[in-house]
1. Of all residues in region B:296-311 being surrounded by 15 or more Cβ atoms within 10 Å (Cβ to Cβ) and part of a loop (DSSP other than H, G, I, E, B), which is nearest to the chain's Cα centre (by Cα)?
2. Among the residues of region A:300-358, which ones are of a type outside the set (A, V, I, L, M), under 17 Å from B:Lys43 (Cβ atoms) and in contact (Cβ under 8 Å) with a residue 60 or more places away in the chain?
3. If the requirement is being under 20 Å from B:Leu321 (Cβ atoms), within 14 Å of chain B (Cβ to nearest Cβ) and touching a residue at least 60 places away in the same chain (Cβ under 8 Å), which of these qualifies: A:Gly79, A:Gly88?
4. Considering only region A:99-125, how many residues are over 25 Å from A:Arg244 (Cβ atoms) and open to solvent by less than 70 Å² (accessible area, probe 1.4 Å)?
5. If B:Gln73 passes every condition in (1) within 20 Å of B:Leu126 (Cα to Cα); (2) surrounded by fewer than 23 Cβ atoms within 10 Å (Cβ to Cβ); (3) away from every other protein chain (no Cβ under 14 Å) but one, which one does it miss?
6. Can you tell me which of (1) more than 14 Å from chain B (Cβ to nearest Cβ); (2) in contact with a strand residue (DSSP E or B) (Cβ under 7 Å, 6 or more places away or on another chain); (3) open to solvent by less than 20 Å² (accessible area, probe 1.4 Å); (4) in a helix (DSSP H, G or I) is the one A:Trp368 doesn't meet?
7. Being charged (D, E, K, R), open to solvent by less than 40 Å² (accessible area, probe 1.4 Å) and not in a loop (DSSP other than H, G, I, E, B) is the filter here, so list the residues in region A:254-281 that pass it.
8. Is one or more of the residues making up region B:327-338 more than 17 Å from A:Asp48 (Cα to Cα) and over 21 Å from the mean Cα position of the chain (by Cα)?
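The values are calculated or read from the model by the stated rules, or taken from the named source; none is laboratory data. Keep in mind that what you see is a predicted model, and the values were worked out from it rather than measured. Methodologically, a virtual Cβ is constructed for each residue, glycine included, from the backbone with ideal geometry; neighbour enumeration extends over all protein chains shown. Protein only, heavy atoms only, side chains kept; ligands, DNA and RNA dropped before computing areas. Shrake-Rupley method; radii C 1.70, N 1.55, O 1.52, S 1.80 Å.
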Protein chains: 2
Amino acid sequence: MTRDFGFTLHKTDGKARLGTVHTGRGDIRTPAFMPVGTVGTVKGLYLDQVKETGADIILGNTYHLMLRPGAEQVAKLGGLHSFIRWDGPILTDSGGFQIMSLSKIRKIREEGATFQSHIDGRRYELSPERAMEIQRLLGSDIQMQLDQCIEFPHTDKQAVKAMELSLRWAERSRKAFGSQPGRGNFGIVQGGTNETLRLKSAAGLVDIGFEGYAIGGLAVGEGQALMLSTIDFTAPALPADKPRYLMGVGTPDDILEAVARGVDMFDCVLPTRSGRHGQAFTRFGKVNIRNAKHANDLRPLDEEHPCPALSKYSRAYLHHLIRSGEMLGMMLMSWANIAYYQSLMQGIRAAIAEGRFEDFRRQTKEQWRAGESAA
Amino acid sequence: MTRDFGFTLHKTDGKARLGTVHTGRGDIRTPAFMPVGTVGTVKGLYLDQVKETGADIILGNTYHLMLRPGAEQVAKLGGLHSFIRWDGPILTDSGGFQIMSLSKIRKIREEGATFQSHIDGRRYELSPERAMEIQRLLGSDIQMQLDQCIEFPHTDKQAVKAMELSLRWAERSRKAFGSQPGRGNFGIVQGGTNETLRLKSAAGLVDIGFEGYAIGGLAVGEGQALMLSTIDFTAPALPADKPRYLMGVGTPDDILEAVARGVDMFDCVLPTRSGRHGQAFTRFGKVNIRNAKHANDLRPLDEEHPCPALSKYSRAYLHHLIRSGEMLGMMLMSWANIAYYQSLMQGIRAAIAEGRFEDFRRQTKEQWRAGESAA
């Protein structure tokens, strides 16, 4: 028997929330960071490693997977979970963001989006109904509505238009989602950084009714201050008994600040992308391992961390590997970052559970600022 | 107390030999395949994975490591073993082959080689003495003499000259090696495909006296037939009580044929390099995973193999990952190949131990030819 999809809010500490998202494929402890498995792989990691770092859920990109290998193809092969060998929950986005950021030529109509693949220029159409069909074919546990993302900066007129279209698409997406036991369908709040638009979008989505609500259209260049002020007025407009997901965010600091504002779920390519380029996120702050000062440093990135990538490999070796363009360097740095992010989430959850989130937030930020001298 | 370096020949079966190379850092079961850890990493693999596939020893490239991070730097960081986190034996080549194949401008004099780095054009000098010093600084367990490699095809005159120079360098290398308890120094037989030259080279090296003997200058384009005929007359000229190492070889078939001719040790970049490009070596022969026919194939490469890369991931997924240029595809294919090579060596050793090497050789080759239909 498939377990129902649902959300349990265990505790709040200020606005920070400790919860569990229940899915047919297992629970997700929130606040949660979802590593991004773009095209069916979290870049540079074995999924066993991802699991071991403490991730309960990963994300797959509808846009990437519809282009290659294709949704029908994944379905024929038994669904995304079995294809990539991940038995936990998977959230898929709807493709809206990548249509904005990656595809070559795009046209947005009431019916849906038309775009050209960034891989081979082939023409695709993506309606709200097709976006939901693709996610169902993939077998996704949390399926996002199709929305229209707009670039930053934008005019108010653009923001209004995209928000209203996204709301109409939300209704069509919800209808297309239908009934899928154990799975959830999330609506996406749009409206740029404009409070009136965000509140209107949130209210419209709540009227439709979803298993969870995402805040979309942020982390697109508006900067942290604007992002956080937008969350400040958007999060309270979302139902307390449903999970809240801030899409595509962010740095460890962004996450800490968004959790403080009542956000439950996050995803971002930053830990793997930065890792490939030699940047580590650690409890002592950011480390650019390419920097010459690491060439002679026999210390690991964090000797107390349970992840071998952080505690067993010297900075000198990581420096050498990244400088030499070696895969192992990218593998280790990506692994280290995913592990750090997960331990940060674990720390956040423990702090909320014990009612000391504000202390945790302050101490964590102090440690980032102070670096290792304060270790 | 460091154990002495040595070789035990346990058994012969035809010309095939079962043995153990003893080093201060542990034993090497022969016939042995040594994965190549060019610049301090077996490309795309964790060394824990390399160890788990059954590799007793890995190879490091003097040429690459002297350029980056540098031999003195590695020594300062505690030696190659500790730097890369591999506690088993390491064999280092002397740089001769890469000077021939990689460096931009090179000049070979009696004193040594002068060449420009392929990375930044910096000028380096490598004498036999410096090649040995570098290997000692790295902490290598098996250190190769500096030799002069020549391209194929070559004139007899070039082969004579390079062989004689290599012999004089052998003497200087041996002297420079000095006494290093638990470590061995191998001479390298040169002489192209010319029997007289090879025999002269072998005799000269045996006169000097080494802990082991390598056959160099093969697998440079001469083709398998010429390579094997060269081994046919070279191997018997080497002392039976010392290990014999065929440098830079090769395909699984090359290895099987060379073992049949009395060779004990091998190294090659083929399993990792081919893996990165989507070619797998399996007991059913070669598989080009990029081929469209694998897109729908849910079978793993070899469901009976203990390595997860061979037995747990579907061809469809590997096909998708390699086609998408994903690191995980290269990681899995490289891992699968290293694992297959090691299981081939294990099979070879078991067959020799049981006096059925000829049957094993025939059956293995039949299985490669027949593919999976005969599985």
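1. Taking the candidates together, the pick is B:Cys307.
2. Passing the criteria: A:Ser334, A:Trp335.
3. Result: A:Gly79 is the single residue among A:Gly79, A:Gly88 that is under 20 Å from B:Leu321 (Cβ atoms), within 14 Å of chain B (Cβ to nearest Cβ) and touching a residue at least 60 places away in the same chain (Cβ under 8 Å).
4. Qualifying residue count for the region: 12.
5. If we test B:Gln73 against (1) within 20 Å of B:Leu126 (Cα to Cα); (2) surrounded by fewer than 23 Cβ atoms within 10 Å (Cβ to Cβ); (3) away from every other protein chain (no Cβ under 14 Å), just (3) comes out false.
6. Just one mismatch for A:Trp368, condition (3).
7. Within region A:254-281, A:Asp254, A:Glu257, A:Asp267 qualify.
8. No: zero hits.
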